[in-house]
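Below is one structure; the comments refer to it alone.
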Amino acid sequence: MIRIKKLRVKYRYVDAVRDVTLEIPVGKVTCIIGPNGAGKTTLLRSISKIVKFDGEIYLDGLEVSKTPLKTISRILSYSTSVYLPDLLSLKVIEVLKIARYPVSKRFFETRQDLEMILRTAREFKIDNFLEKKLSELSSGELQRVVLAMSVIKDPKYLLLDEPDSHVDVSNKAELINILKKLAVSKTIVLTTHDVLFASIIGDYFVLMNNGKVVFVGDRNEFFKNKKVLEETYGTRFYDVKLGGVLVMVPLYVLEKYGNS
Amino acid sequence: MTRDTHRLILLFSLLTALFLTIYASLFIGSAKHVNPLVMEYRYTRVIEVVLAGLVLGVSGAYLQSSLRNPLVDHYILGIGSGALFSVYIFILFSSIYYLILPFVAIVGGLTALFLTITIAEIIGGSDISYVLAGIGVNSLFAGLAHLLSYLILVKNPYALYLLAGGFTLASPDYKIPLIISAIIVLATYPFLAKPLNALLLGDELVYQIGYNPRYYRLLAIITAGMFSSVIVSYFGLIGFIGLVSPHISRFLLRTGDNRFVIPLSGIVSALLLLITDDLARSVFVNIGIGEVPAGSIVAVIGAPFFLFLILSRYRGVLH
């Protein structure tokens, strides 16, 4: 379980995150949603010890600020989009090897490491372009590589920063499938702009606005408190049942153009 | 597995090539009975060229990976001219003490490096901004060094050799400091190779691979800056070798994995520098031109390579 107590993160003069107290449950998909600049990414980066913060974060009982990076890197993966300069661009296989560093014990990869890398590559259907450079991949392929990187060290928690950015509609369904499969064995915490996407895969929801948490709750509570969501985004939402699953659809389209 | 084996074979065959070239540089093309003094000088010079090449090649790989920038080496970042300038200042006020010179050079080299990095980060931190900041810092210190070179001409004519680096001044005194430099640089390799690979992915991802990017970047940059300054203090400005060698290594290995690139870059750089120095020492002398500085030959080959890198990468991108 990830427990956050009175978290505060400052960027220069602005508080990106203020007074956040929160518990993120194990074994579920937690979606952090909110408008731009709400502090979603900063929250994930604090948990992964990438940014400095005030307050306390407990990762399975370990206080993050006092735990060495090496230990944290074995427990969780933080993943975001990667950009590599052309001439230094690494191949897919090399990036996967690097992602395995926290758990590989030797200077060079052992047979076990390589087997794990190949198995994960097959799982994410990236095994047919392992020798391609990252700069040559399509955004859909790159997204799968990024996800593969985050699971290759077999962490307990996956913190995914906007895994659906740069993913077009045709690939979103596949992304949801991948995430659902991962959710069987991992605790996933992700940020997203897409409330519909979140409402399809989320078990637990954190709504943020202006650096503060304005709502926390499971699916039931999320759909019951539609009002908070509408206030935060300034847009109406419509909950529909699609194939037996309740989802949340933003109505910005109707609001703007629907009445004419 | 097999791919890695191929890479190790490549590494060892180039190492063999280096040893063969060392042998050739010492014994081929000379009369049967060489004056033992000449032989000793030649031996010293060849060893020092190889050590200098090793340090410059590894430093280049460190700088490129830690700054995520394919366009840099110690020369382009201004470390070289910064070191040279401080060495000249020192010579102006005292005489040459070969044991103190490296330390003086390190101060100048690191100052220039710090200036370049600060300016580059202020103007945006892209790889081009590093080159631009480097040009400015480089010109400043190179200009100052040129001015000083006239002042110290009376005092120490040999110091002029440092402007276009070369190995004519190779002296047995330099051997120990150079060996120590090479050992320290190589000793950092096992600690830095994997973190430098991680650094290529960008800082955010480095944290969750378990390394603090600032710490490892600083370690790599300072190691490279310090020991390339040592080379400058003895042999002067030898640009572009540290830029070219990592790229040649990446091309030969078909990977950017620093566990292979760093040592190969050291070997390639030593090999290239030795061949260049052989050319400078023998070929040009035999055709009647006289000895030319190895640094100039390296620049003549290296600068077009640099231009090629820019052309292949930025064609039509910069406006």
Checklist entry - In the calculated pair distance distribution of the protein assembly as shown, what percentage of Cα-Cα distances lie above 31 Å? => result 56 percent
Next on the checklist: I'd like the distance separating the alpha-carbon centroids of region A:83-130 and region A:47-76, in whole Å.
Outcome noted: 25 Å
Checklist outcome for this item: At R0 = 22 Å the Cβ-Cβ FRET efficiency linking B:Arg254 and B:Tyr215, nearest 0.05, sits at 0.15
Checklist entry - Restricting attention to region B:1-68, which trypsin sites (Lys or Arg not before Pro) occupy a DSSP loop and are surrounded by at most 11 other Cβ atoms within 10 Å? => result B:Lys32
Checklist outcome for this item: Answer in debye to the nearest 20: the dipole magnitude of chain A about its Cα centre, from +1 Lys/Arg and -1 Asp/Glu charges placed on Cβ, is 680 debye
Checklist entry - With each pseudo-label sitting 7 Å past Cα toward Cβ, what's the A:Asp54-A:Val245 distance in nm, one decimal? => result 4.1 nm
Checklist entry - Hey, rough spin-label estimate for B:Ala24 and B:Ile183, points 7 angstrom out along Cα→Cβ, what's it come to in nanometres? => result 3.1 nm
Next on the checklist: With unit charges on the beta carbons (Lys and Arg positive, Asp and Glu negative) and the dipole taken about the Cα centre of the protein assembly as shown, which residue among B:Phe103, A:Phe222, B:Ile28 sits farthest to the positive side?
Outcome noted: A:Phe222
Item to check | Point-to-point label distance, B:Ile123-A:Tyr238, nm (Cα→Cβ direction, 7 Å offset) | outcome: 5.4 nm
Checklist entry - R0 = 41 Å: FRET efficiency of A:Lys28 with B:Leu8, Cβ-based, nearest 0.05? => result 0.35
Checklist entry - Around A:Lys212, which amide H atoms from residues at least 5 apart in sequence, or from another chain, sit under 5 Å from its own amide H, with H modelled in the peptide plane? => result A:Arg18
Item to check | Alpha carbon centroid spacing (whole Å) that separates region A:180-252 from region B:194-246 | outcome: 45 Å
Checklist entry - If one takes the longest principal axis of the Cα atoms in chain A, at what angle in degrees, from 0 to 90 and to the nearest 10, does the Cα axis of helix A:169-183 lie? => result 70 degrees
Checklist entry - When the helices in chain B are scored as -39500 (n - 2.57) per DSSP H run of 4 or longer and the sum is shared across all residues, what 222 nm value do you end up with, to the nearest 500 deg cm²/dmol? => result -24500 deg cm²/dmol
Next on the checklist: A 24 angstrom limit on the alpha carbon distance is what I want to check against. Which of A:Lys133/B:Lys194; A:Lys105/A:Lys132; A:Lys70/A:Lys153; A:Lys10/A:Lys186 exceed it?
Outcome noted: A:Lys105/A:Lys132; A:Lys10/A:Lys186
Next on the checklist: So if I place +1 on the C-beta of Lys and Arg and -1 on the C-beta of Asp and Glu, and nothing else carries charge, what would the dipole magnitude of chain B be about its Cα centre? I want it in debye, nearest 20.
Outcome noted: 380 debye
Item to check | Acute angle (nearest 10 degrees) that the helix A:139-151 long axis makes with the longest principal axis of chain A, alpha-carbon atoms | outcome: 70 degrees
Checklist outcome for this item: In this structure, among A:Lys40/A:Lys172; A:Lys5/A:Lys40; A:Lys28/A:Lys241; A:Lys49/A:Lys226; A:Lys40/A:Lys66; A:Lys5/A:Lys52, pairs with alpha-carbon gaps over 26 Å are A:Lys49/A:Lys226
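Just so you know, all these numbers are worked out from the coordinates, no wet-lab data involved. Remember, it's a predicted structure, so these values are computed and weren't measured experimentally. Note that each Cβ is placed from the backbone with ideal geometry, even for glycine, and that neighbours are counted across all protein chains shown.
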